[in-house]
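One structure is given below, encoded as structure tokens.
The values are calculated or read from the model by the stated rules, or taken from the named source; none is laboratory data. All values derive from a computational prediction rather than experimental measurement. Here the Cβ is made from the backbone with ideal geometry for all residues, glycine too, and neighbour counts use every protein chain on show. Accessible surface areas use protein heavy atoms only, side chains included; no ligands, DNA or RNA. Shrake-Rupley method; radii C 1.70, N 1.55, O 1.52, S 1.80 Å.
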Amino acid sequence: MSEVRVRFAPSPTGSLHIGGARTALFNWLFARHHDGKFILRIDDTDTARSTGDSIEQILSSMKWLGLFWDEGPGVGGPYEPYLQSQRMPLYRQAVVQLLAGGKAYYCYCTPEELAERRNEAMAAKRAPRYDGRCRDLSQAEREKLEAEGRLPVIRLRVPDSGETVVHDYCRGDISFANALLDDFIIMKSNGDPTYNFATVMDDAQMRISHILRAEEHLSNTPRQILVYEALGYPLPVFAHLSMILAPDRSKLSKRHGATSVEEFREQGYLPAALINYLALLGWSPEGDSEIMSPAEMVYQFSLDNVGKTAAIYDLNKLTWINGHYLNEADLTLITGLVIPLLKERGLVPEEITPHFYYYIMEVVGTVRTRVKTINEIADAATYFFSDDFDYDSKGVAKYFDKPGAAHLLRQARQALEQLESFGMDNTEATYRELAENLGIKAAELIHPTRLALSGRTMTPGLFDVMVTLGKEKSLERLDRAIAFIEQLDNTGVKH
């Protein structure tokens, strides 16, 4: 195989969607597997919708995912510039070439005239297509139309018969009748190129060898092939990736939850987890393991294992994968991601001492085993940093509002207070010994103590929580819970 050069060419009209991120990932994996080049190009010729903020957000999301490009914005390369809006002279020069060779022509039909003809064709049950009436205008006819103030577009002259065949690596050969393609516009009346023209020019001049993109672009491909042929450029290898559908097999949208990389980042997902999950949407690696490092993906990636059927988006699976990475990742890294969230909640100060940092790290290590995202760590950790919490109402009814609850916690407190070493083994052994002496199950001590220390009925293991809080704080919270229960006993008020 000659040098592999692939590209990801997003339109900057919004955030980087997971469908676009999956396309970028597959291109990146393909390039890395073949020791090729991964190019990032911004297709911003849609000037009405493209924004600088979107460009920055796309670049930020790509970097966050670790999908760094070999050529493109901020990196440069031999085929600069990598923003289409800065390549306009190239497109206009090519159009002049096509006009001179009779392969393109000026069309003066107004939008209103085109709409009227389209409606007539549909009423007659004919396929609506441009009828080619401006194909062979004389110079005099052109001058007359221009004198009327009409601004022409430029159309590519498409064969009236025959077929254009797309040789798709993933889907095989797909034929399109030229008669249905009509003479499509390659340059708008304002001098801007259309997508199907500009993308061919850029892909050809940037020596793109393989085009891996979403299935939705398949209908554009025959027109792009016709542009390649008109300009005399060699064709790249096309591979159209399967769609990503919602669980109900409808088009993925906001109503199905987060759909952009930025949203997943804000919700506390890790880039490694999102990359791992996206790789499994339409690609089937060898083996049974669904957890793969980028290096393993690069080693295994092949278009031969990219499926044709739609991939189904499954947030539960992504969240499960994220939980795995959350527990396996370096604790220092995870702590660094959690601290800003704790600051936002006012749980920790802006300036954190080394001693307090290690306490935060201990809390994160305790909590992360039971949660799936960075945000959930921050939510689950609040009681480690604040005494200002309410007791879960159902927990109060079940564990506190019962005869002997205060007495039971008081005995637990006394047993813990006598401990010189407040470690996991000692605290657990003390509780189990006390339960045995009282003739009760250990759970009858553990559950009310968990509620007393955290205000919650669900936490990491009680003795992990207890040791992380420390002896002094644990005893203080037991005292608080005992007072709360005694108030319940005295007033009968349900809290």
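A few notes on this one:
- Accessible surface area normalised per residue over the range 122-280 is 47 Å², counting heavy atoms of protein chains with a 1.4 Å rolling probe.
- For the range 72-167, the alpha-carbon coordinates run over 54, 40, 25 Å along the three principal axes, in decreasing order.
- Low-density loop positions, GluC sites (Glu not before Pro), the range 249-324 - DSSP coil, at most 16 other Cβ in 10 Å: 286, 290
- Value of [θ]222 nm, deg cm²/dmol, for the chain, DSSP H segments ≥ 4, -39500 (n - 2.57) each, nearest 500: -14000 deg cm²/dmol
- Kirkwood's formula applied to the C-alpha pairs of the range 199-269 gives a hydrodynamic radius of 14.7 angstrom.
- Chain lengthening between residue 115 and residue 46 when straightened (0.36 nm per residue, less Cα-Cα): 22.6 nm
- Calculated FRET efficiency, residue 251 to residue 127, Cβ-Cβ distance, R0 = 35 Å: about 0.90 to the nearest 0.05.
- Computed in the context of the full set of protein chains, the accessible area of the chain at 1.4 Å probe radius has 50% of its extent on carbon or sulfur.
- Efficiency of FRET from Cβ geometry, residue 298 and residue 421, R₀ 41 Å, rounded to 0.05: 0.25
- Across the cross-link table entries 125/188; 394/441; 317/398, which are compared at the Cα atoms, the separations over 24 Å belong to 125/188; 317/398.
- Anisotropy class of the range 251-326 from Cα gyration tensor, a/c 1.5 cut: oblate
- Alpha-carbon centroid distance for the pair the range 359-416 / the range 440-461, whole angstrom: 7
- Per residue, the accessible area of the range 1-93 comes to 41 Å² when a 1.4 Å probe rolls over the protein heavy atoms.
- Of the residues 392, 304, ranked by 1.4 Å probe accessible area with the largest first, the sequence reads 304, 392.
- Computed from Cα atoms, the angle from the helix 18-33 axis to the main principal axis of the chain rounds to 80 degrees.
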